[in-house]
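No lab work stands behind these numbers, since they all come straight from the coordinates. As the structure is a prediction and not an experimental result, all values here were calculated from the model. A quick note on method: Cβ atoms are made from the backbone with ideal geometry, for glycine too, and the neighbour counts reach across all protein chains shown.
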Amino acid sequence: MAGEDAPRDHGGGPSFSYQVIKDGRVRILWQGRAVVTLRGPRAERFLGEAQGADDPAIQLLAARFTGNFKRGNERVRAGEGISPPRPTAEA
């Protein structure tokens, strides 16, 4: 991937890794798939906390910064609004 460092894998098995992109963004991956991209102060804070941390601490840090992404409650980008309500079964 152009303009990116190689992913840094911290830990074995199903785990998080992250990439630092040249423009200062940090992409957090889970099992090789991008789940969140951090920008600005959040990216700086992530990198500051990750610096010098051991592998288990990196895993917890990445999990904290991604939120509960496997449960479908990701943050909504500004301007995208809220998903429309699901249809209900009519009796």
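Taking region 50-69 as the search range and keeping residues that are without any contact (Cβ under 8 Å) to a residue 24 or more places away in the chain and more than 15 Å from Q19 (Cα to Cα), which one is surrounded by the fewest Cβ atoms within 10 Å (Cβ to Cβ)? Can you show your working first?
Here is the first cut: in region 50-69, the residues without any contact (Cβ under 8 Å) to a residue 24 or more places away in the chain are 51-54, 57, 60-61, 64, 68.
Next, only the ones that are more than 15 Å from Q19 (Cα to Cα) stay: 52-54, 57, 60, 64, 68.
On the way: G52: 7, A53: 13, D54: 9, A57: 13, L60: 13, R64: 10, N68: 9.
Per the stated criteria, the residue is G52.
Go through region 12-42 and give me each residue that's part of a loop (DSSP other than H, G, I, E, B) and out of contact with any helix residue (DSSP H, G or I) (no Cβ under 8 Å at 6 or more places or on another chain).
Across region 12-42, the qualifying residues are G12, G13, P14, K22, D23, Q31, G32, R39.
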